[in-house]
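Quick notes on the structure that follows.
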Amino acid sequence: MSYPILDTINSPADIKGLNIGQLRQLCSEIRQYIVEVCSTNPGHVGSSLGAVELIVAYHYLYDSPSDKIVFDVGHQAYAHKILTGRREAFRTLRCKDGISGFPKPSESPYDSFAAGHSSTSISAALGFAEAARIQGRKEKVVALIGDGALTGGLALEGLNNAGAGRSDILIILNDNNISIDHNLGGLHNYLLRVTTSRRYNALKGKVWNVLGPRGIRDFIQRWWRSLKSWIVKSSGGDLFEALGLRYFGPIDGNDIESVVEALRRIKNIKGPRVLHCHTTKGKGYAPAEEDPYTWHSPGRFNPETGERLGQKTPADRFQDVFGRVLCELAEKDPRVVGITPAMASGCGMSIFAEKFPGRFYDVGIEEEHAVTFSAGLAAGGLRPYCNIYSSFSQRAYDQIIHDVAMQKLPVVLCFDRAGLVGEDGATHHGAFDLAAYRSIPDTIISAPRDENELKQLMYTALRTDHGPFIIRYPRGGANGSPWRESGYRELPVGKAEELCHGDTVALICTGPVANTALAAAARFPGKAGVYNFRYLKPIDTEMLDGIASRYSHIITLEDGTLKGGLFGAVSEYFAGRKDAPAIEGIGIPDEFLSHTSRSEELAMCGLDEASVSAKIAALLN
């Protein structure tokens, strides 16, 4: 496909001589290029399509990389990558040895700050602004944040501090009325009122339509800002001013002329300020505009028709089992409620939301609040199942300790996307949950090896009167276990099970890697035993003693960091014992793994069947 303007852009300097018509064409070409590449190399499509004009206008007016733009999450940064010398490298997006799907300073000097989790941009940009002030640099600092991320507590803390400190920072609010799922909450409703204020938009439209020459419009533009401040304020738009930030907007964030004009006018205004831009997620690509939820990250698709390709998913994905089992438990027990921080569709809780809307809570991108809110629900006599992606659960570490564990409240914490997640890379790997939470007193930590075991652990958690009760599991399916046909049974807390017997090497596993271990052990009948430690905490010391009396070697396997996880727990138990077997661990090494396919990541960590078999063979020899 030919891109007449885009093909000439090798750095932001190349766009500064373009006129508005050419910038408009460039935006169109960038959208076409994103769709072309992501159709065969999946990525986050909708967010990046919606933010094209904002990024083009920034690079048109600002002097990066000396001026800084700090992205929130980074889902919307594809146009930025394309314009900053990575046009051809964009075809390697999220591939092994290719560029990251998120801003990454080690990848390019134009990426000022790493992003992968939400609500961080304002705090980081504020830091850049203060560093420039103290060191006497004249650089400009811009934070680009979506309305979904703005609900996060860290973003509100950043806003409060920015307004109080009078730092020279511009916050561009990319308001598209959606994050991954539909936005919820008071702040979202406030932004919606401002953007859709009938008095504001009706009056603006009538006046603008009758204006003539540009000079008159310039005069009216100045007058309009004064009038707008009164209209928006009367609609509830004084939030930012109350925090000490000057507010500008709302403007059409998908109209390049409007964005350039607005940025040009406010670029050199000093102090903290907000430019409110209304955009459309998936802008310029009809399928993505019509279904922004699916097209947040659609996988492979036909760019001409929008037909999604290769989307047949296993019927028994962990997240689907979670959603359906939660519904069954809720039917049996009226105390069951579901909580998620903006991940309802991804974690399978949308199934529960549809069936039990009065017992479902999507709290927005607020992991800390989700946990403490769940603690309050539990203290009030309910049984909350709080589902958070494993990597994002780290943000609520203090709440898990202080608000749940110390009070021994029966909160069930379900950590989806645990372990290695593939192309999203280091920011999204659920590598640290086992190690992080194992040190917390009065905490149960479990990891099902298949879908049926997830079902039974969810039931066991409901029957357990204290918490936190953690259940962690990866995305997708394990081995297609017949969970639908099985009844419910409690899995005794702290008890492991022997899957197959051996006499030389014991494979101690937690989670679905037990299935890999079984396949590898089958190559060495009678030699390698496999043990499913579905509970990391409390760990089955009786089973460990039996293993020590029978085997000369132990290999632990876990889809988590080796330091502090299962390997750490087993090693600690046998530390100092003269009869202890030799212990080796297979898991995620002490480094931040980059992005590639999940199967490649498992092989890199030695967690694939071939690597485990080779390790067994080496010990037997």
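Values as computed for the structure displayed
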{"read-out": "Some residue of region 129-145 being in contact (Cβ under 8 Å) with a residue 12 or more places away in the chain and under 16 Å from residue 48 (Cβ atoms)", "value": "yes"}
{"read-out": "Residue within region 89-96 that is in contact with a Ser or Thr (Cβ under 6 Å, 6 or more places away or on another chain), at pLDDT below 95 and assigned to a loop (DSSP other than H, G, I, E, B) present", "value": "yes"}
{"read-out": "Some residue of region 526-544 being farther than 18 Å from residue 438 by Cβ, in a loop (DSSP other than H, G, I, E, B) and in contact (Cβ under 8 Å) with a residue 24 or more places away in the chain", "value": "no"}
{"read-out": "Every residue from region 443-461 that is of a type in the set (A, V, I, L, M, F, W, C) and either touching a Gly at 6+ places or on another chain (Cβ under 9 Å) or surrounded by fewer than 22 Cβ atoms within 10 Å (Cβ to Cβ) (or both)", "value": "444, 447, 461"}
{"read-out": "Residue 488 vs. criteria surrounded by fewer than 24 Cβ atoms within 10 Å (Cβ to Cβ) and assigned to a helix (DSSP H, G or I)", "value": "no"}
{"read-out": "Exclusive hit being among the hydrophobic types (A, V, I, L, M, F, W, C), under 28 Å from residue 118 (Cα atoms) and either surrounded by fewer than 18 Cβ atoms within 10 Å (Cβ to Cβ) or in the same structural domain as residue 392 (by TED's automatic domain parsing) (or both), set 347, 327, 277", "value": "347"}
{"read-out": "Residue satisfying condition, being more than 23 Å from residue 469 (Cβ to Cβ), part of a helix (DSSP H, G or I) and touching a helix residue (DSSP H, G or I) at 6+ places or on another chain (Cβ under 8 Å), within set 520, 580, 617", "value": "520"}
{"read-out": "Meets criteria (among the aliphatic types (A, V, I, L, M), surrounded by fewer than 23 Cβ atoms within 10 Å (Cβ to Cβ) and more than 37 Å from the chain's Cα centre (by Cα)) for residue 528", "value": "no"}
{"read-out": "Residue identified as over 16 Å from residue 472 (Cα atoms), in the same structural domain as residue 435 (by TED's automatic domain parsing), in contact (Cβ under 8 Å) with a residue 24 or more places away in the chain and surrounded by fewer than 19 Cβ atoms within 10 Å (Cβ to Cβ) among 370, 375, 379", "value": "379"}
{"read-out": "Candidate set: region 226-272, residues that are in a helix (DSSP H, G or I) and of a type in the set (Gly, Ala, Ser); chosen: the one modelled with the lowest pLDDT", "value": "234"}
{"read-out": "Boolean, residue 103 is surrounded by fewer than 21 Cβ atoms within 10 Å (Cβ to Cβ) and part of a loop (DSSP other than H, G, I, E, B)", "value": "no"}
{"read-out": "Conditions (1) in contact with a strand residue (DSSP E or B) (Cβ under 6 Å, 6 or more places away or on another chain); (2) over 21 Å from residue 54 (Cβ atoms); (3) not hydroxyl-bearing (Ser, Thr, Tyr): number failed by residue 273", "value": "(2)"}
{"read-out": "Filter pass, residue 108 being in a loop (DSSP other than H, G, I, E, B), over 18 Å from the mean Cα position of the chain (by Cα) and not basic (Lys, Arg)", "value": "yes"}
{"read-out": "The listed residue being surrounded by fewer than 19 Cβ atoms within 10 Å (Cβ to Cβ) and either closer than 25 Å to residue 158 by Cα or among the small types (Gly, Ala, Ser) (or both), out of 89, 115, 124", "value": "89"}
{"read-out": "Unique match (being outside any loop (DSSP other than H, G, I, E, B) and either crowded, with 22+ Cβ neighbours inside 10 Å or at pLDDT below 90 (or both)) among 401, 471", "value": "471"}
{"read-out": "Any hit, region 558-566, residues being assigned to a helix (DSSP H, G or I), in the same structural domain as residue 538 (by TED's automatic domain parsing) and among the hydrophobic types (A, V, I, L, M, F, W, C)", "value": "yes"}
{"read-out": "Residue identified as on the phi < 0 side of the Ramachandran plot, assigned by TED's automatic domain parsing to the domain that holds residue 170 and in contact with a strand residue (DSSP E or B) (Cβ under 9 Å, 6 or more places away or on another chain) among 63, 14, 67", "value": "67"}
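The values are calculated or read from the model by the stated rules, or taken from the named source; none is laboratory data. If you're wondering where the values come from, they're calculated on a predicted model, not measured in any experiment. For neighbour counting, all protein chains shown are included, and Cβ atoms are generated from backbone atoms with ideal geometry for every residue, glycine included.
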